[in-house]
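Please read the structure below before turning to the comments.
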Amino acid sequence: MKTFKHSLILILLSLCCITGVQAQTKVIAHRGFWKTEGSAQNSITALQKAAEADVYGSEFDVQLTSDGVVVVNHDDAIHGIVIGNTPYEKLKNITISNGEKLPTLEDYLKAGKKLDVQLILEIKPHKTKEIEDQAVETIVRMVKKYKLTKKVEYISFSLNICEQLAKLTPKSEIAYLNGDISPKELKSKGINGIDYHFNVLYKHPEWIEEAHNAKMKVNTWTVDNDKDMQRLIDMKVDYLTTDEPLKAKKLTNK
Ligand code: MG
């Protein structure tokens, strides 16, 4: 009888945990919290402001220079200079719109290590599989060096990059962005999350439950208006990626 009671309590507790985890949608600041004084997309300030805004995560984009340095920038070119064709030496003094120097991944990890915010690291697709594999190897090595494996979560539009991540850092959170593969199929490749445009989730609402049943996380981008935010919260996504983190926080904390 006692064992039965214990089991019942355990079952109830687990149910509460499961419901609790799924009910709470968390907020990720897209390219950091950049729509605020002194900030800029993918700047160290944007990362710090995201932590100050007390969101779950701060997203940023990385890519390799021609000599294998990982820098933080969204577009493949900065001030007309193509990052993948240029050695770091020629990029290091470039300033971004808030006056900061173009950050490297190393700068970002050092700053992020001190902050209470998850680092949502997007690896941009590169020109060839070889360069993508080199990018993943360099990035995972650096994340391990700074002992940030639990604090860094990976996302990419490149299926190859996600597959390489699954091989090199299988316990990490890895989500695919491109919206064209079902959760089940990704899971069979060792990829444990989807991060799809909200229109994809509107078209395939069943993928949210499919992902959750496979113990995968569901993230969605880039959700900036209240109506979509509320609809996706009601659909029980785990994360909302947004350029309006304060607005999203209000809706998720209701
Ligand atoms: Mg991004």
If you scan segment 117-133, which residues turn out to be within 12 Å of the ligand (Cβ to nearest atom) and not in a strand (DSSP E or B)?
124, 125
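Condition check ((1) at pLDDT 95 or above; (2) surrounded by fewer than 15 Cβ atoms within 10 Å (Cβ to Cβ); (3) within 15 Å of the ligand (Cβ to nearest atom)) across all residues:
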site: 32; (1), (2), (3): yes, no, yes
site: 63; (1), (2), (3): yes, no, yes
site: 69; (1), (2), (3): yes, no, no
site: 81; (1), (2), (3): yes, yes, no
Determine which member of the set 81, 94 is more than 24 Å from residue 157 (Cβ to Cβ), among the β-branched types (Val, Ile, Thr) and without any contact (Cβ under 8 Å) to a residue 24 or more places away in the chain.
94
Inside segment 157-204, can you point out the residues that are in a loop (DSSP other than H, G, I, E, B) and under 18 Å from residue 238 (Cα atoms)?
172, 173, 177, 178, 179, 182, 191, 192, 204
Got a sec? Which of 99, 112 is among the small types (Gly, Ala, Ser) and in a loop (DSSP other than H, G, I, E, B)?
99
Would you check if residue 184 is under 18 Å from the mean Cα position of the chain (by Cα), more than 16 Å from the ligand (Cβ to nearest atom) and among the basic types (Lys, Arg)?
no
Condition check: assigned to a helix (DSSP H, G or I), within 14 Å of the ligand (Cβ to nearest atom), of a type in the set (A, V, I, L, M) and touching a helix residue (DSSP H, G or I) at 6+ places or on another chain (Cβ under 7 Å). Does residue 46 satisfy that?
no
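The values are calculated or read from the model by the stated rules, or taken from the named source; none is laboratory data. Just so it is clear, the model here is predicted, and its values are computed rather than measured. In this analysis, Cβ positions are derived from the backbone assuming ideal geometry, glycine residues included, and neighbour counts consider all displayed protein chains.
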